[in-house]
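Student: Quick one: this structure, given as structure tokens, is what I'll be asking you about.
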Amino acid sequence: MTSQTVINLTGILKIIEVIYLHPRPSPIAASLYTLRDLNADVIILHGPHGCCFRTGRLLENDGVRVVTTAMSENDFIFGAAEKLEETLHEVEELFHPQLVGVVGTCASMIIGEDMQEAVNNAGIPAKVLTVESHGGLSEGDNTEGAIAVLEAAQREGVIPAEETKRQTRMLKKATEIEKTRGMAQGKYIAPSYGDDKEEVASILLEALERGDKIALVLNAKKETSYLFADLLKIPFKEVCPGNKPAIIANLDPAVGLPRIRQHAQNIHQELGETGQKVESITGGLDEYPVTGERAVEFLEKEDFDLVVVAGVPHALPIEKLDIPSIAITDGPRLVEPLKKLGYTWVVTELDAHAKTLGTDKIVESDFGSVLRAKISDKKSPNPT
């Protein structure tokens, strides 16, 4: 949201446009997550001990050791290459890792620390990926931190050049979507928790009971798919056995880094065990910037009455579909943009990353819990 402030300066009226901005994810955090996706055993943050504290703690729940060189004021002046070398030796002694990531921070990059030299001097047996990431990398887009890791992984022979190119293309597309359709549009967006989940759940179940043709679309990102895939497990057949929603999902187990492929395989297998069939696979879990388009191509071929999109709904061009729609997002600041894109109803799921790190099973969502309760109520006999 913008506002205009009128200031009288030396007798001349000037209009100054003030743009209010809110924080965005950091390239450093994206570097950490991408190293996790490469199955790094240990990540060393070369910076102050508080840098990326929350992300580091969350990733430890996902099986990654995250440590820090704990740079202090003197290190900002004289450098901390020796600290980094010592930390590398300590990591080798404690964990005996095969793959280590060394990630720069604002502090170490501003002073021009030569992390690669420190890595070379340490000479530990593990393969080490040196990632010169910081909070203002390039234009400060978080995806730049992920790209920096991919390029380091390619240099060290961890992934082929083709995979780096594919993922870089996806990450740049993701940035474009956030800047044009998401919460990085250069203005302040007030957080909102969307429409009432009870009301939206009733709307969805009533549509099923009327016999409306409904599509459930999973267009999710990496591990958060464990939360958003819960929608696909809802036992709708218990109240509408003759009206099964169509399922479209970006669950290709052959696309992405090993951990991402495993997520897709786990979810696909669990859905199969509960009798759910995916009618159309639109791509992999790291291809959400383009799989929304593919989902729309499928939806346009059928005469659907209602579509529900879970995960990254703003990456799906809902404006191409002239039907009622429900978006399920993990971003309170995405509610307003999603409404402007054309979604009829928007509900939010909070703390998607925190709820899904370290799991290999679908996690019950808040909206899913509401739907299950309503289905249970419909099955129960009326009180006499």
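Student: Let me know the Kirkwood hydrodynamic radius for the range 197-379, please, with Cα pairs as the basis and the value in Å to one decimal.
Tutor: For the range 197-379, the Kirkwood estimate is 16.1 Å.
Student: Oh, and also: Please sort 94-100, 52-58 by packing, taking for each peptide the average over its residues of neighbouring beta carbons within 10 angstrom, highest first.
Tutor: Peptide ranking by packing, descending: 52-58, 94-100.
Student: Moving on to the next point. Given a cut-off of under 8 Å on Cα pairs at least six residues apart, what relative contact order in percent is computed for the range 197-379?
Tutor: 29 percent
Student: Once you place label points 7 Å from the Cα toward the Cβ at residue 209 and residue 98, how far apart are they in nm?
Tutor: Inter-label distance under the simple model: 5.4 nm.
Student: Still on this structure, I have one more. Quick one: dipole size for the range 251-302, taken about the Cα centre, charges +1 on Lys/Arg Cβ and -1 on Asp/Glu Cβ, in debye to the nearest 20.
Tutor: Here the size comes out at about 200 debye.
Student: Given the chain, what percent of its DSSP beta bridges are antiparallel, to the nearest 5?
Tutor: So the antiparallel bridges in the chain amount to around 20 percent.
Student: Could you pull out the GluC sites (Glu not before Pro) across the range 256-303 that fall in loop regions by DSSP (anything but H, G, I, E, B) with no more than 16 other Cβ atoms inside 10 Å?
Tutor: 279, 302
Student: Also, quick follow-up: Pull up all non-local amide H partners of residue 130: gap of 5 or more, or a different chain, and H-to-H distance under 5 Å with H placed in the peptide plane.
Tutor: Residues meeting the criterion, in which the H sits 1.01 Å from N, are 102.
Student: If you don't mind, there's one more thing I want to ask. Once label points are set 7 Å from the Cα along Cα→Cβ at both residue 114 and residue 53, what is their separation, rounded to one decimal in nm?
Tutor: Output for this residue pair reads 3.4 nm.
Student: Further question on the same structure: What ranking do 234, 323 get, fewest neighbouring Cβ atoms within 10 angstrom at the top?
Tutor: 323, 234
Student: Note down the net charge around residue 181, summing +1 for each Lys or Arg and -1 for each Asp or Glu among other residues with Cβ under 14 Å from its Cβ.
Tutor: +2
Student: Could you work out, for the chain, what percent of all Cα-Cα pairs fall into each 10 Å distance bin, beginning at 0 Å and stopping at the bin that holds the largest distance?
Tutor: Spelled out per bin, shortest first, that is 5, 21, 28, 21, 14, 7, 2, 0, 0.
Student: Right, next: What does the charge add up to near residue 65, with Lys and Arg as +1, Asp and Glu as -1, over the other residues with Cβ less than 14 Å from its Cβ?
Tutor: My count for the surroundings of residue 65 gives -4.
Student: Find the centroid of the Cα atoms in the range 291-317 and in the range 40-69, then give the distance between the two in whole Å.
Tutor: Rounded to whole Å, the Cα centres lie 37 Å apart.
Student: Now, a different point. Taking the Cα centre of the chain as origin, sum charge times position over the Cβ atoms of Lys and Arg (+1) and Asp and Glu (-1), and report the length of that vector in debye to the nearest 20.
Tutor: Roughly 940 debye, rounded to the nearest 20.
Student: Give the order of 130, 175 when sorted by the count of other beta carbons within 10 angstrom, beginning with the fewest.
Tutor: 175, 130
Student: I've got another one for you. Please turn the phi angles of the range 130-135 into ³J(HN,Hα) values with the Karplus equation 6.51 cos²θ - 1.76 cosθ + 1.60 (θ = phi - 60°), one per residue in order, whole Hz, x for glycine and proline.
Tutor: These are the phi-based 3J(HN,Hα) values: 9, 10, 8, 10, 7, x Hz.
Student: For the range 20-122, what is the percent of antiparallel DSSP beta bridges, rounded to the nearest 5?
Tutor: Around 0 percent antiparallel, to the nearest 5.
Student: Follow-up question, since we're still on this one. Please report the relative contact order for the chain, taking Cα pairs under 8 Å with a sequence separation of at least 6, and give it as a percent rounded to a whole number.
Tutor: Computed value for the chain: 16 percent relative contact order.
Student: Multiply the residue separation of residue 374 and residue 273 by 0.36 nm, subtract the distance between their alpha-carbon atoms, and state the gained length in nm to one decimal.
Tutor: 34.0 nm
Student: Please identify the trypsin sites (Lys or Arg not before Pro) of the range 320-378 that satisfy two criteria: DSSP loop assignment and at most 15 other Cβ atoms within 10 Å. Which are they?
Tutor: 361
Student: How high is the FRET efficiency from residue 244 to residue 169, r the C-beta distance, R0 51 Å, rounded to 0.05?
Tutor: About 0.90, to the nearest 0.05.
Student: All other residues with a Cβ under 10 Å from the Cβ of residue 223 taken together, and with Lys, Arg as +1 and Asp, Glu as -1, what is their net charge?
Tutor: Cβ neighbours under 10 Å give a net charge of +2.
Student: How large is the charge dipole for the range 27-181, taken about the Cα centre, if only the Cβ atoms of Lys, Arg (+1) and Asp, Glu (-1) carry charge, to the nearest 20 debye?
Tutor: It comes to approximately 780 debye.
Student: If each residue's Cβ is checked for other Cβ atoms within 10 Å, how do 195, 141, 305 rank with the fewest at the top?
Tutor: Lowest to highest Cβ neighbour count: 305, 195, 141.
Values in this text are rule-based calculations from the coordinates and carry no lab data. On a predicted model such as this, the values are computed, not experimentally measured, just so you know. In this analysis, Cβ positions are derived from the backbone assuming ideal geometry, glycine residues included, and neighbour counts consider all displayed protein chains.
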